[in-house]
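What follows is calculated from the coordinates using simple rules that are stated; it is not laboratory data. Every value quoted in this text rests on a predicted model; they were computed, and no experiment measured them. When we count neighbours, we look across all protein chains shown, and the Cβ atoms used for this are built from the backbone with ideal geometry, even at glycine.
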Amino acid sequence: MPRALLALLADGQIHSGRKLGESLCVSRAAIHKKIKKLCEFGADIESIRGIGYRLSAQFDLLSAKDICHELDEKIKLSISDVEVCWSIPSTNSRCLDYSKTYPTKNYVCLAECQTEGRGRRGRQWVSPLGGGLYMSIAWRFNCGAGELEGLSLAVASIIAKTLEVRFGVKGTKLKWPNDILVNDKKMGGILIELVGEAAGPCTVILGIGINTCATGYAVCKIDQPWTDMIRANTSVNFSRNALCAALLNSLVPMLRNFEQTGFPPFRAEWERYDALCGQPVVVQSGIDSYFEGVAAGISASGDLLLDVNGILRAFKSGEVSLRRL
Ligand code: BTN
């Protein structure tokens, strides 16, 4: 029902409560209640007294059929299922559950909204209805986690290139390890989780969140400077279905080959988008270890390199931020 109601409002035009009720065979009061619910999910719906309801902008609903239609034939063969959910806690959690039942299958899950979207380092990923692409890919590797160093950076560089080349997002940058920035504001991020044996095989859950058109009260909860594809002035008219398909078309070939290639072929591309190289930064590694230095790019395996008074230190994990001088 909420999806059907949203589909009726998706054109951004005014719709009367009576007509909406007739189309969905429910009362006007029921429509009013459902509209309230959609707003709670994060939809920006204006209620015009005595006239009807209107979405603040056109809404492109996710559709597994439309996504699959735009996938290259070879890519389709590598994926068992593309599932679109309405509201779930987290697409990553869903992939984790799926991989327990079907450990050998590659699976893609998307949601219109997430109630417990997860970010890196235990943070929340604010995921209002239709405000972004919330997608996770469960991908099976024969090797163990140790052989997948740099995978998350490879994913980030491919996403940055797709956003720039295919969707005209100018000024796309990456903040180590895999924050996607535009004009110094965060537009997307990647959360990688792993299940399986240390020596392999293992399943990687690649969670990708990209803000596309974040509106409504939910975005007030974002606790850092952020932007989305609309605000970043993407020069191409896009739909989230097209964005999802384009990402899968470019990510899957990398995933298929990563066990053989490793990170090296993606290093130069990542460095092309490096937001911090040459800048004074602070790296937080562990709970309260802080290192000050100058960001010096990344190593062949994707570690962050930091020049601390002329000595190069490598970090496998941590949080890096610009040091204001
Ligand atoms: C980050 O903190 O930068 C990573 C954000 C990752 C968010 C995505 S949205 C789809 C997937 N499901 C989640 O719960 N998280 C990831």
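On the stretch given as segment 5-27, residues that are outside any loop (DSSP other than H, G, I, E, B), free of Cβ contacts under 8 Å to residues at least 40 places away in the same chain and within 15 Å of R54 (Cα to Cα) total 8.
I'd like to check something: does segment 143-158 contain any residue that is near the ligand (Cβ under 10 Å from one of its atoms) and either without any contact (Cβ under 8 Å) to a residue 60 or more places away in the chain or among the β-branched types (V, I, T) (or both)? No, that holds for no residue. Selection of helices (runs of 4 or more DSSP H) fully inside segment 60-161 by the criterion of at least 1 residues being farther than 17 Å from I205 by Cβ returns 64-69, 73-78, 151-161.
Being surrounded by fewer than 22 Cβ atoms within 10 Å (Cβ to Cβ) and over 19 Å from P280 (Cα atoms) is the filter here; which residues of segment 169-185 pass it? Listed by number, the residues that qualify are K170, G171. Where strands (runs of 3 or more DSSP E) sit wholly within segment 235-325, those with at least 2 residues that are over 16 Å from N178 (Cβ atoms) and among the hydroxyl-bearing types (S, T, Y) occupy 289-298.
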